[in-house]
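**Q** Pasting a structure here, questions to come.
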Amino acid sequence: MILIRLLTICAVLILAWTAQASAATSNANSTILLQHQLKLKIDLAATRLSVVDQLRFSTNTTETWQFSLSERFNIEPNPNLALVKHENGFKYYQAKQAAFTLSYSAQLQSTPDCAWLTQACVQFDSKGIYLDANSQWYPTTSQALHTFELTAELPKDWVSLSQGEQVSATWQETQPQQAIYFLAGPFKVYSEPGKYATAQVYLQAADDELAKKYLSATHQYLEVYSKQLGAYPYRKFATVESFWETGWGMPSFTLLGSKVMRLPFILSSSFPHEILHNWWGNSVYVDSSQGNWSEGLTAYLADYQMSAGKGEAMNYRRDTVQKYANFTSNFQDFPLKNFQSRHDQTTQAIGYGKSLMLFHMLRQQLGTTAFEKGLQTLYQDYAFKTASFADLQTVFEKVSGQHLQAFFQQWLERTGAPQLALGEHPHIEKNGGTQLNLTLKQTQAGEPYQLRLPVIASFKDGKTETQWLDFNTSQQSFKLNYAQKPVAIGIDPEFEVLRIPELGEVPAALNVLYKAKPKTFVIARQVPAGMELAWEEAITAFSRGDKPKQRYDDAPLPDEGIVILLGGDNTALTGLLERAQQPFKLSETAYTLNSVNYTCGLHSLALSLTAGKQQVVLLDASTPEALQQ
């Protein structure tokens, strides 16, 4: 049987919590605290920022201390300071006193196209201002947390935004923060007090209907998560129309691009994710020396639960394990404990996907009541402190009474995931019912995992029965008793466990292009003018460093591996489509899907299908530019 899935190519948005460079990374719950009284003067004509910071350093470890500042800033002469070193774009100073006033200034240049994964993004012009810890515009030191008061002299008709609460013209944040943010610009501000916090919207131009939607959604999600986890940790939550097409989550606000925030699905998908980060990541901080746990937990409690509310929980888990299997391999995979932040599909599959499944399996093992009690305890004990995976383990052991060392160790420290196989499974009639003698195998390399595996029996009357098996060895037999004879048995059919799925368990998907398995590229002998180089570049990109296997479309297809057909006029596709009983047809002039014609040359095509145990992808585009998109 051949299964076909036709995918429409579109921009994929992934919103992100911004893990700032100043975050504590190796010493959970550091006692270092920097208290700032910041006064900012803005000169847009000269693109100059001048800062006066009345600074106090609090610690119980030393009387002298060092701090760093971006090399762009010139510090006015100060007898309390000595320059220690200048490297990697920063200047490091030794301070002789724990409290003093620091004056400094710099010309700042905007980054018009913000590649936030690889650069410090700055906005400083007539459109507005954005500064975060990555541009290191304020003094900081390793493992420090910050409290602050911030006042800025703004251009006429401008407003500002930072963490905390605005009192007159000053922003105040008394809870220790990992970073200090500053935004300003000619925004139209909407504000609406609520039971849990004030909801705000900052727009570059007035849009009452859009603001109303975000204000309402903010109150809705603050209520949901406050009831589930504990009181929202800030006085406000603001949605800000960004200077870039971003989706960033910061303490007490989020930055969404103009196009992003108007996408119809954002309010019910990515927006709650950013609000939830105010519990995980922006108040309970991440000690990432042992792995970043907040992305997986936030994705599980926000994105996954939103899907579950629509009846799509199983599909979400299936897609998660499928992406993990496709985007990781022996040479790309790494332990979850080493995940810091997302920068490609592999890190996302591990840091978001594998981590999400860890929390799902933990919930299954502990039960929902103990799991949610653990979340509440984690928030209560670690708000405005750093927490590691080890701290999470301690909390969940405390509330559940279970020993979780083996559970966390196998999912944090090992690469890969279990691979399951079905052994012998005879059944006998016994005492008026049926006994199934089921043998299961773990076939992955290395030691077997300790798994709680659901087995679901289906019966003639439509009913089902689920039994959970403790499956801890490479091969294990189980005796399962049923009152009536099952018509089907499913081994984890709803993907409750992170594992490498069999090909027939998951739908065809384009992400097999990135899978680290042998690929054969089949190219037409007659290639349209101008496309030869484009197809060669595509082959190089999808080979992922391996030597590609190529053949022409009039040669026999291989029997194994991934087959990638390049070009809609690829004759090798004809036989595959004839075998596929799907509503898709391809002619010389058009693609037809569900009786709708798409003219060749005006539309690009990305088609993924499964032929037996083989994965096949067809790519077609009329121009190199269309192929790149």
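**Q** If you check T174, T218, T170, which single one turns out to be hydroxyl-bearing (S, T, Y) and touching a Phe, Trp or Tyr at 6+ places or on another chain (Cβ under 7 Å)? Break it down stepwise before answering.
**A** Details: T174 fails: touching a Phe, Trp or Tyr at 6+ places or on another chain (Cβ under 7 Å); T170 fails: touching a Phe, Trp or Tyr at 6+ places or on another chain (Cβ under 7 Å).
When all the criteria are applied, what remains is T218.
**Q** Among strands (runs of 3 or more DSSP E) lying entirely in the stretch 71-110, which contain 1 or more residues that are out of contact with any Leu (no Cβ under 8 Å at 6 or more places or on another chain)?
**A** Values: elements: 81-87, 90-95, 99-107.
Of the strands (runs of 3 or more DSSP E) lying wholly inside the stretch 71-110, those with at least 1 residues that are out of contact with any Leu (no Cβ under 8 Å at 6 or more places or on another chain) span 81-87, 99-107.
**Q** Looking at the structure I just gave you, is Y324 outside any loop (DSSP other than H, G, I, E, B) and under 30 Å from A231 (Cβ atoms)?
**A** Numbers: outside any loop (DSSP other than H, G, I, E, B): yes; under 30 Å from A231 (Cβ atoms): no.
Considered against the rule, which asks whether it is outside any loop (DSSP other than H, G, I, E, B) and under 30 Å from A231 (Cβ atoms), Y324 comes out as no.
**Q** Moving on to the next point. Restrict the check to the stretch 251-263 and report whether at least one residue is among the aliphatic types (A, V, I, L, M), part of a helix (DSSP H, G or I) and farther than 24 Å from D492 by Cα.
**A** As a first pass, look at the stretch 251-263 and keep what is among the aliphatic types (A, V, I, L, M): 255-256, 260-261, 263.
Restricting the remaining residues to those that are part of a helix (DSSP H, G or I) gives 260-261.
The next check asks that each one be farther than 24 Å from D492 by Cα; those that pass are 260-261.
Within the stretch 251-263, one or more residues are among the aliphatic types (A, V, I, L, M), part of a helix (DSSP H, G or I) and farther than 24 Å from D492 by Cα.
**Q** Given the structure, is L215 of a type in the set (A, V, I, L, M, F, W, C), farther than 30 Å from P139 by Cα and touching a residue at least 12 places away in the same chain (Cβ under 8 Å)? First the steps, then the outcome.
**A** Details: of a type in the set (A, V, I, L, M, F, W, C): yes; farther than 30 Å from P139 by Cα: yes; touching a residue at least 12 places away in the same chain (Cβ under 8 Å): yes.
The answer is yes for L215.
**Q** Are there any pairs, at least 6 apart or on different chains, whose C-beta atoms fall under 7 Å, with the first in the stretch 424-439 and without any contact (Cβ under 8 Å) to a residue 40 or more places away in the chain and the second surrounded by fewer than 14 Cβ atoms within 10 Å (Cβ to Cβ) and not in a strand (DSSP E or B), and if so, which?
**A** T439/G423; T439/E424
**Q** If R235 satisfies every condition in (1) modelled with pLDDT of 95 or more; (2) on the phi > 0 side of the Ramachandran plot; (3) touching a Ser or Thr at 6+ places or on another chain (Cβ under 8 Å) but one, which is the exception?
**A** (2)
**Q** Residues that are at pLDDT 75 or above, at least 1 per element: which strands (runs of 3 or more DSSP E) completely within the stretch 492-589 meet that?
**A** Details: elements: 519-523, 549-552, 562-566, 584-586.
The strands (runs of 3 or more DSSP E) meeting that bar are 519-523, 549-552, 562-566.
**Q** Could you list all residues from the stretch 67-81 that are surrounded by fewer than 16 Cβ atoms within 10 Å (Cβ to Cβ) and under 35 Å from the mean Cα position of the chain (by Cα)?
**A** E71
**Q** Look through F389, F371, F384 and report the one residue that is touching a Lys or Arg at 6+ places or on another chain (Cβ under 6 Å), over 30 Å from K517 (Cβ atoms) and not aliphatic (A, V, I, L, M).
**A** On the way: F389 fails: touching a Lys or Arg at 6+ places or on another chain (Cβ under 6 Å); F384 fails: touching a Lys or Arg at 6+ places or on another chain (Cβ under 6 Å).
Of F389, F371, F384, the one residue that is touching a Lys or Arg at 6+ places or on another chain (Cβ under 6 Å), over 30 Å from K517 (Cβ atoms) and not aliphatic (A, V, I, L, M) is F371.
**Q** While we're here: Could you list all residues from the stretch 468-497 that are within 12 Å of Q435 (Cα to Cα) and surrounded by fewer than 14 Cβ atoms within 10 Å (Cβ to Cβ)? Write out each step before concluding.
**A** Residues of the stretch 468-497 that are within 12 Å of Q435 (Cα to Cα), as a first pass: 478-486.
Those that are within 12 Å of Q435 (Cα to Cα) and surrounded by fewer than 14 Cβ atoms within 10 Å (Cβ to Cβ): K479, N481, A483, K485.
**Q** In the list G230, G185, G194, which residue meets the criterion of being modelled with pLDDT of 95 or more and touching a Gly at 6+ places or on another chain (Cβ under 8 Å)? Reasoning before the result, please.
**A** Values: G230 fails: touching a Gly at 6+ places or on another chain (Cβ under 8 Å); G194 fails: touching a Gly at 6+ places or on another chain (Cβ under 8 Å).
Checking each option against the conditions leaves just G185.
Results for (1) among the β-branched types (V, I, T); (2) under 30 Å from the mean Cα position of the chain (by Cα), shown as yes or no for each residue.
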position	(1), (2)
L83	no, no
Y93	no, no
T111	yes, yes
C114	no, yes
C121	no, yes
D125	no, no
Q136	no, yes
F148	no, yes
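**Q** Out of all the residues in the stretch 270-281, is one or more modelled with pLDDT under 95 and closer than 26 Å to K310 by Cβ? Spell out how you get there, then give the answer.
**A** Initially, the stretch 270-281 is screened for residues modelled with pLDDT under 95, giving 270.
Next cut, closer than 26 Å to K310 by Cβ only: 270.
Checked the stretch 270-281: at least one residue is modelled with pLDDT under 95 and closer than 26 Å to K310 by Cβ.
**Q** So which residues in the stretch 159-180 are closer than 14 Å to L49 by Cβ and part of a loop (DSSP other than H, G, I, E, B)?
**A** So in the stretch 159-180, the residues closer than 14 Å to L49 by Cβ come out as 160, 180.
Across the stretch 159-180, the qualifying residue is only I180.
**Q** What about L356, is it crowded, with 16+ Cβ neighbours inside 10 Å, in contact with a Pro (Cβ under 7 Å, 6 or more places away or on another chain) and touching a residue at least 40 places away in the same chain (Cβ under 8 Å)? Spell out the reasoning first.
**A** On the way: crowded, with 16+ Cβ neighbours inside 10 Å: yes; in contact with a Pro (Cβ under 7 Å, 6 or more places away or on another chain): no; touching a residue at least 40 places away in the same chain (Cβ under 8 Å): yes.
Criteria not met by L356.
**Q** Quick test of your reading of the structure: S252 fulfils all but one of (1) touching a Lys or Arg at 6+ places or on another chain (Cβ under 6 Å); (2) without any contact (Cβ under 8 Å) to a residue 40 or more places away in the chain. Name the failing condition by number.
**A** It is condition (2) that S252 fails.
**Q** Please determine, by comparing only the residues of the stretch 214-238 that are outside any strand (DSSP E or B) and among the aliphatic types (A, V, I, L, M), which one is nearest to L378 (Cα to Cα).
**A** Among those residues, the one meeting the criterion is L229.
The values are calculated or read from the model by the stated rules, or taken from the named source; none is laboratory data. All of these numbers come straight from a predicted model, not from anything done at the bench. Ideal geometry is used to build each Cβ from the backbone, glycine not excepted, and the neighbour counts take in all protein chains shown.
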